[in-house]
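Have a look at the structure below before the remarks.
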Amino acid sequence: KVNWGGKNELLRHVREFKPSRDEVQNVRVLLYGPVGAGKSSFVNAVSSAVQGRPSIIAAPNASTDGTKSFTVEYKTHKIRKGNGAHYPFVFTDVMGLESGESVGVRAEDLKLAMMGHVKEGYMFNPVSTLSQTNTQHYNPSPTANDKVHILVCVLNANSPDIKPSVLQKMREIREAARDLGIPQVAVATHIDLTCEEVQRNLKNVYRSKYLKQKFSATIGIPVNCIFPVKNYGQLLENEDNMDTLILSILKNMLYFETNN
Ligand SMILES: Nc1nc2c(ncn2[C@@H]2O[C@H](COP(=O)(O)OP(=O)(O)OP(=O)(O)O)[C@@H](O)[C@H]2O)c(=O)[nH]1
Ligand SMILES: [Mg+2]
């Protein structure tokens, strides 16, 4: 349930959020998913909702028909809180998963990222996995802050079925997260283009059974951990309902960390 009138309360909750363990200063949220799913746009949507104004901190693809990932490096985005400080949660954006071998981000690299072995600025190489001998980008001794605390699968609700080879990579990533004890959720983007009722009124979003069922079966994430979202696009101003939806997703994600 989304409390559509509760934006201020959600904002207060997000502002007061503190990681559950003392050794963690930043809860690290890692986004992964097929190319063009809306990973970078989701980072911007969260940043915009938290800051109350449109904010672009991760470069999204300006074109919607990308088959090659627009994001190519391992990049962590922080959201400014004022006075030089930032919120104690960060979003790590990565290259998208592509269909086939030696294209897109490698599942192995995402496993290394989850364990905290990948350093900022690493340019993903679809042909080979980050090696321990790459001292510039391999972090041999990750701290609690380098490790991933929440894994978010980002999917485009408006795209055709995900290709089997991409599903296989997603499965590997999910299983690695399970073994590492990292909680997992999914975000279904582009809901504005998927369902007429949602397009008419965003408040109908959680009524759309189709959206949830479409994904739960294929990606193996329980329905109650799939959040439908509309990312900010070309908007010049924030919209209350979008902010409320995104803030409620953020609150739920952070809840998974606290209760893990
Ligand atoms: N209508 C609509 N468009 C969206 C939504 N989310 C993302 N987009 C558009 O989809 C395109 C791809 O978005 P990105 O955020 O670049 O996707 P990505 O997953 O980061 O893509 P790669 O980095 O290439 O893997 C962009 O043109 C976005 O404007 C959404 O919820 N609704
Ligand atoms: Mg991207």
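Residue 147 meets the conditions (1) away from ligand 1 (no atom under 15 Å from the Cβ); (2) assigned to a helix (DSSP H, G or I); (3) open to solvent by 60 Å² or more (accessible area, probe 1.4 Å) in every case but one. The failed one is (2).
Taken over region 102-129, the criterion of being more than 16 Å from residue 169 (Cβ to Cβ), over 18 Å from the mean Cα position of the chain (by Cα) and among the aliphatic types (A, V, I, L, M) is satisfied by 123 alone. Within region 228-242, being closer than 26 Å to residue 26 by Cβ and surrounded by fewer than 22 Cβ atoms within 10 Å (Cβ to Cβ) holds for 238, 242.
Quick check on region 115-122. Is at least one of its residues open to solvent by 10 Å² or more (accessible area, probe 1.4 Å), in contact with a helix residue (DSSP H, G or I) (Cβ under 7 Å, 6 or more places away or on another chain), assigned to a loop (DSSP other than H, G, I, E, B) and charged (D, E, K, R)? Checked against the condition, which is being open to solvent by 10 Å² or more (accessible area, probe 1.4 Å), in contact with a helix residue (DSSP H, G or I) (Cβ under 7 Å, 6 or more places away or on another chain), assigned to a loop (DSSP other than H, G, I, E, B) and charged (D, E, K, R), region 115-122 yields no hits at all. Scanning region 52-95 for residues that are in contact with a strand residue (DSSP E or B) (Cβ under 8 Å, 6 or more places away or on another chain), part of a loop (DSSP other than H, G, I, E, B) and closer than 23 Å to residue 245 by Cβ yields 57, 58, 78, 79, 87, 88.
Could you list, in sequence order, all residues of region 49-71 that are of a type outside the set (D, E, K, R) and more than 8 Å from ligand 1 (Cβ to nearest atom)? Hits for region 49-71 are 49, 50, 51, 52, 54, 55, 56, 57, 67. May I ask you to verify whether residue 171 is in contact with a Gly (Cβ under 9 Å, 6 or more places away or on another chain), modelled with pLDDT of 90 or more and under 30 Å from residue 129 (Cβ atoms)? In short, yes.
So if I check each of 40, 47, which one is in contact with a Pro (Cβ under 8 Å, 6 or more places away or on another chain) and within 16 Å of ligand 2 (Cβ to nearest atom)? It is 40. Could you list, in sequence order, all residues of region 209-227 that are crowded, with 16+ Cβ neighbours inside 10 Å and among the β-branched types (Val, Ile, Thr)? Within region 209-227, 219, 221, 226 meet the criteria.
Filtering region 175-208 to residues that are without any contact (Cβ under 8 Å) to a residue 24 or more places away in the chain, closer than 20 Å to residue 241 by Cβ and open to solvent by 90 Å² or more (accessible area, probe 1.4 Å) leaves 196, 199, 200, 207.
For the condition in contact with a Lys or Arg (Cβ under 6 Å, 6 or more places away or on another chain) and not in a helix (DSSP H, G or I), residue 154 qualifies.
Scanning region 96-110 for residues that are open to solvent by 20 Å² or more (accessible area, probe 1.4 Å) and in a helix (DSSP H, G or I) returns a single hit, 108. Of the residues examined, residue 43 is not one that is closer than 22 Å to residue 244 by Cα, part of a helix (DSSP H, G or I) and away from ligand 1 (no atom under 13 Å from the Cβ).
The single residue among 69, 48, 40 that is in contact (Cβ under 8 Å) with a residue 60 or more places away in the chain, in contact with an Asp or Glu (Cβ under 8 Å, 6 or more places away or on another chain) and hydroxyl-bearing (Ser, Thr, Tyr) turns out to be 48.
Of the residues contained in region 132-141, one or more are found to be open to solvent by 30 Å² or more (accessible area, probe 1.4 Å) and in contact with a strand residue (DSSP E or B) (Cβ under 8 Å, 6 or more places away or on another chain). Among the conditions (1) farther than 19 Å from residue 232 by Cα; (2) within 11 Å of ligand 1 (Cβ to nearest atom), residue 30 misses just one, which is (2).
The values are calculated or read from the model by the stated rules, or taken from the named source; none is laboratory data. If you're wondering where the values come from, they're calculated on a predicted model, not measured in any experiment. All Cβ positions, glycine included, derive from the backbone under ideal geometry; neighbour counts span all protein chains shown. SASA here: full protein model, heavy atoms, side chains in, ligands and nucleic acids out. Shrake-Rupley method; radii C 1.70, N 1.55, O 1.52, S 1.80 Å.
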